[in-house]
1. Could you give the length gained by full extension between Arg37 and Arg212, i.e. 0.36 nm per residue of separation minus their alpha carbon distance, to one decimal place?
2. Each label point is 7 Å from the Cα along the Cα-to-Cβ direction; what then is the distance between the points at Val311 and Arg48, in nm?
3. Apply the Karplus curve 6.51 cos²θ - 1.76 cosθ + 1.60, θ = phi - 60°, to the phi angles in the stretch 144-152 and return the couplings in whole Hz, x for Gly and Pro.
4. Per residue of the stretch 159-169, what does 6.51 cos²θ - 1.76 cosθ + 1.60 with θ = phi - 60° give for ³J(HN,Hα)? Whole Hz please, x for Gly and Pro, Karplus curve as stated.
5. Tally Lys and Arg at +1 and Asp and Glu at -1 over the other residues with C-beta under 14 Å from the C-beta of Leu206: what net charge comes out?
6. Out of residues 5 or more away from Trp302 or on other chains, whose amide H comes under 5 Å of its own, with H placed 1.01 Å from N in the peptide plane?
7. What residues have an amide H closer than 5 Å to that of Val57, excluding those fewer than 5 places away on the same chain, when H is modeled at 1.01 Å from N in the peptide plane?
8. Amide H of Leu173 versus every other amide H placed in the peptide plane: which residues, excluding those fewer than 5 positions away on the same chain, fall under 5 Å?
Amino acid sequence: MRHSPYQPGWLLPVAILATLTAQGLPAAEIEPPPPTRTQVDLIGELERPWQAGGEIVLFAAADGTPRAGRLAQPPAHAGEERARRAEHFALARKVNVVTGARLPPQGLPLETEQIELLERFAMSDAGAVWFREVADDTLRLFNQGYLEYDAALWQRALAAGETPRLSELISGLLSETGQFAQDAAPFRLFAYDGTGAMAAAASVRLGTRGFRCRFPVSGELVDPLAVLSHEFGHTRYGDPRSAGQPLGEALTVARYENPVRVRNGFPPRGVYYLRVDPGRVPIARVLPGGGAAAASHPVWGWYCECQGEPVTLRSCPEPHADGPPLAAEETCVLRWLAVRVDDPQHGVSFRRRRRSRLS
Ligand SMILES: [Zn+2]
């Protein structure tokens, strides 16, 4: 029979140490996951020697039920860092990767190749940062008693004086407590019918038709891992309000996509082409406002799609926030905004940044 840790909350570090020592486990400083999320600073994280964070460890609370935290020590070598990244992905496979049941509306299960791509990303430096954040969510859910775990395995491990990995202990399903908790909302990775990738605050989705080789309009080469990092930048681990807005997209490319492109040998993107569907998004909504605000916004190009064989793209007059979109001709519709992407660290070239220790 499976149980969940029924006592939410956290213990004082002293109590944790005492519990561990009593079991003969190495006394070490264990840190709980941060109580709340903060927006990922990917550029800063990539400057650090390691990205996966502390090793996840389990320990018994005073009542014998398991809790999860992280050891404070950095990894001794690349192999340990790799093991931490692998454990984060193992946790994601159980809790976050949607393959069969539990499909959200309009969601599709991830195919094997898509899961392999996510794994490659999780093992990369940038992916390690994002999946560390996803894992911290899992630690918080577990310590709140929201995740189902194998109580028999936990008892056997305690009797043997060792602890299993968290990814071995949990089933990936919510416990009974978790199913009724308002705040139990695991992040989800799933597929949709389409091309590329998309994000919402609590999900990243991959298109069943894979990635394009080149971005539309600009023709720049696509780096799928950098696109994944871009999408994570739109989630609750980055800035969930940034998607589909000119400034938000420009910042997402600068903060979360370009650093990965450069590490992977792709040139940084200097322009982001935002496709606007006038049928769904009124053009006024994507304008940051008129007057002075409009003068400083990062949009410097307006492009219309003009009907014909083939469909052509041409410059459009700039529309006004309070008026209907203008078009060069009757058969043309404003569809694309060219958004300038600035390097967030002025004067520092993306190219000079350090490369991965694992590559
Ligand atoms: Zn975006």
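Just so it is clear, none of the values below were taken in a lab; they were calculated from the coordinates. All figures in this text were calculated on a predicted structure; none of them were measured in a lab. Cβ: placed from backbone, ideal geometry, glycine included. Neighbour counts: every protein chain shown.
1. On the way: separation 175, 0.36 × 175 = 63.00 nm, distance 3.22 nm.
Extending this stretch completely gives an extra 59.8 nm.
2. If labels sit at Val311 and Arg48, their model points lie 4.4 nm apart.
3. Result, rounded to whole Hz: 7, x, 8, 10, 6, 9, 8, 5, 5.
4. Running phi through 6.51 cos²θ - 1.76 cosθ + 1.60 with θ = phi - 60° gives 5, 7, x, 9, 10, x, 6, 4, 5, 7, 7 Hz.
5. Working: positive: Arg120, Arg188, Arg205, Arg209, Arg212; negative: Glu111, Glu113, Glu116, Glu119, Asp193, Glu231.
Overall, the nearby charge balance is -1.
6. Excluding prolines and chain starts, which carry no amide H, the hits are Cys316, Ala338.
7. Counting only residues 5 or more places away or on other chains, the set is Gly69, Arg70, Leu71.
8. Glu148
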